[in-house]
Amino acid sequence: MGVVSVIQSAVSEQIRQLYQVEIAPEAILVNATKPEFTGDYTVVLFAMVKSLKKSPEALGQELGQQLVNAHPQLFAGFNVIKGFLNLSIAEGFWLAFLETQYTIPTYGRQPLNGKKVMVEYSSPNTNKPLHLGHLRNNFLGWSVAEIYKANGYEVIKTCIVNDRGVHICKSMLAWKKFGNGATPESSGLKGDHLVGDFYVRFENELKAQTAPVLEKILAGDTSMVAGEDGQKASLLVAKLPTLTDAEKIKEINDELREIARNSTPIMAEVREMLIQWEEGNKDVMDLWGTMNGWVYRGFAETYQRIGSDFDKTYYESNTYLLGKDLVGQGLQKGVFFQKEDGSVWIDLTADGLDQKIVRRRDGTSVYITQDIGLAVQKYEEYHCDQSIYVVGDEQNYHFKVLKLIAQKLGLPSADGIYHLSYGMVELPTGKMKSREGTVVDADDLVEGMVQIAREKTEELGKVKDFDEEGLKDLYDTLGLGALKFFLLRVDPKKRMVFNPEESIDFHGFTGPFIQYTHARIKSILRREPVNTTEPLPAGMTLFPLEKEVITLAEQYPTILAQAGAEHNPSVIASFLFKLAQTFNSFYSEHSVMNAESPEKKQLRLRLVQLTANILASGMALLGIRVPERM
């Protein structure tokens, strides 16, 4: 139990004894005392004043005195300032904490609690390699999974691969038209890169074919546009001359451009290929299997490089028919309704949303139907208490609908559905676009970060004692560490701009700063390990910076719990940075090897060891290695 919980329990008990009033410990607000006041932790009294019928000052004085009298081993003193009870923690408490925890590398981690969580992340498409956006997704999902493990949960890491559909057929068709039999081996490219190049090639060809079609549509000729799209295009073109609003004109032009794209010969070929895939055409299926195989091997290399792994991988080609039976059940229960054209919908207007289609008029399912079916399948396989989907914030609406439909159908998996929504990653130059080939490739970015780590480290001139293999490992550790920390240090809900140079600064809020601090600590312990056979003498006095490091270290389990509850690795990143900063301040002020006494030296060595354990443990939860030396 952390010190805050201990304080809450003690305050709750003393209130019961003093005033015969029950206040639950978790309802008592305890904060770290502000630096300008004397004390370590502050109890906020205002919420209790009315029920206890005491003035804040009187309540603080009575409660503070009672706490010090009842728990002298915990509280050394108190003061009351305007409704805030500031408590000073006894130094014996901090010393006892240090003595019992510094030898435990797993300090902060909780035992198994019997609960199970599934975390789904990555979710790549097999028409392109992983890019910068995928990296944030992978790092976030992997870290959240590890944080849940640290909090005592059994965790299943999963990935859904989007390996079918129009976008996949685009790469396949482009390879047939322009590939000349190219393979990863003949081209010298990773398979996912090769397939991604053909996706871009398709989009370039589509763009070229779209221009003349759009020109004809704008001129009033919609003869090449089939069915309802032709009628819609004619109406939109007729409406354009009557408009003066620039935004509305742009909106209509975008609609016309999309109609033109879908009316090109090459898009007709793609749709035909998709039909052939769904019918099981052998040639199409063979090509699909071959090109997907190239991509999977490419993905596997990237996942290994970045340290991402999964316990189970699902494939859309195996799941896209799931959920059809649930539509029938929903109709019987009155959850869904059928329109005259045969399509099936759900009305979510009472829930603040709108009507959502769950089955097309031709009987085919839509994405939401597949996701409902897969949610059921996952639950039946693993019976998880919670299923976390790590997906960008552009899918917020989709996951609101998914959970609502699952709840209305009474599915056992419904209440456990949680969308970990995160903001997109942009570059200083703006957004990335897969269609135009302007995304930042994950493999290239990782190698670039390793190169920057090499350059920065060599500038500092601290690589003389490393052999070639050791240097390669160090640069890899620093480059990947900088990349992961930079992408995880921001609250997931926020959009962010990635700057490679800023991410690897050895003095800022970065992974390398924490890695350097850890290496610095390990160099101390190599010179003189802790004497674990002799306990610290009782009654030792702590200097302010010694106490500050120990106080921070004591908060680590609470930080892990907070990060898990909020699905937020940035909580850990910020804590580790603060701990590293505080340790460096302590180390600059107080010598370890030349301490004032042998007892002080052993105390500081214990403090050094505890800090190293926490930095290594916390960085591991972010997927980051910490070097023994730099």
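Which residue, chosen from Leu287, Leu29, Ala211, occupies the Cα position most advanced towards the positive end of the dipole of the chain, where the dipole is computed from +1 (Lys, Arg) and -1 (Asp, Glu) charges on Cβ about the Cα centre?
So the residue we want is Leu29.
Relative to the longest principal axis of the C-alpha atoms of the chain, give the angle of the C-alpha long axis of helix 191-218, reported between 0 and 90° and rounded to the nearest 10°.
On a 0 to 90 degree scale, this one is about 50.
What relative contact order, as a whole-number percentage, does segment 54-154 give when Cα pairs under 8 Å and 6 or more residues apart are counted?
22
Mind scanning Lys378/Lys400; Lys216/Lys250; Lys339/Lys378 and naming the pairs with a C-alpha gap bigger than 24 Å?
Among Lys378/Lys400; Lys216/Lys250; Lys339/Lys378, the Cα-Cα distance tops 24 Å for Lys339/Lys378.
Report the convex hull volume per residue for the chain, counting only C-alpha atoms, in Å³.
222
For the chain, which whole percent of the accessible surface, found with a 1.4 angstrom probe, sits on carbon and sulfur atoms?
51
What are the residues whose amide H is under 5 Å from the amide H of Ile156, where those residues sit 5 or more places off or on another chain and H is modelled from the backbone?
Answer set, sorted by chain and number: Val117, Met118, Val119.
Measure nothing fancy, just the Cα-based angle from helix 442-460's long axis to the longest principal axis of the chain, in degrees from 0 to 90, nearest 10.
For helix 442-460, the angle is close to 40 degrees.
Just to be sure I understand the model, the point goes 7 Å from the Cα along the line to the Cβ. What's the resulting Ala268 to Gln332 distance in nm?
4.4
Can you pull the accessible area of Asp245 for me, 1.4 Å probe, Å² to the nearest 10?
90
Can you list the lysines whose alpha carbon is less than 21 Å from that of Lys547, not counting same-chain residues fewer than 8 positions off?
Correct list for Lys547: Lys34, Lys522, Lys578, Lys600, Lys601.
Mind pulling the angle between the C-alpha long axis of helix 282-306 and the longest principal axis of the chain? Nearest 10 degrees, somewhere in 0 to 90.
Result, in degrees: 20.
Stretch Leu18-Gln231 to full length: gain in nm at 0.36 nm per residue minus the Cα-Cα span?
Result: 68.6 nm gained on full extension.
Residue separation times 0.36 nm, minus the C-alpha to C-alpha distance between Ala620 and Lys464: what's the value?
Difference between extended and current length: 53.5 nm.
Treating only the Cβ atoms of Lys and Arg (+1) and Asp and Glu (-1) as charged, compute the dipole magnitude of the chain about its Cα centre; round to the nearest 20 debye.
740
Counting only heavy atoms of protein chains, what accessible area per residue, in Å², does segment 103-240 have with a probe of 1.4 Å?
About 41 Å² of surface per residue is accessible.
Keeping all protein chains in place, calculate the accessible area per residue for segment 472-630 (probe 1.4 angstrom), answer in Å².
Ligands and nucleic acids excluded, the figure is 38 Å² per residue.
Which FRET efficiency value, to the nearest 0.05, is calculated for Lys207 and Glu502 with the Förster distance at 35 angstrom and r the Cβ-Cβ distance?
0.50
Name the trypsin sites (Lys or Arg not before Pro) in segment 326-380 that are in a loop by DSSP and that have at most 13 other C-beta atoms within 10 Å, would you?
Passing both the DSSP loop test and the Cβ count: Lys339, Arg361.
Determine the relative contact order of the chain: mean sequence separation of Cα pairs under 8 Å and six or more apart, normalised by residue count, in whole percent.
Relative contact order for the chain comes out at 16 percent.
The values are calculated or read from the model by the stated rules, or taken from the named source; none is laboratory data. It should be emphasised that the depicted structure is a prediction, and the values quoted were computed from it without experimental measurement. Neighbour counts run over all protein chains shown; Cβ positions are idealised from the backbone, glycine included. Note: areas computed on protein heavy atoms with side chains; ligands, DNA, RNA excluded. Shrake-Rupley method; radii C 1.70, N 1.55, O 1.52, S 1.80 Å.
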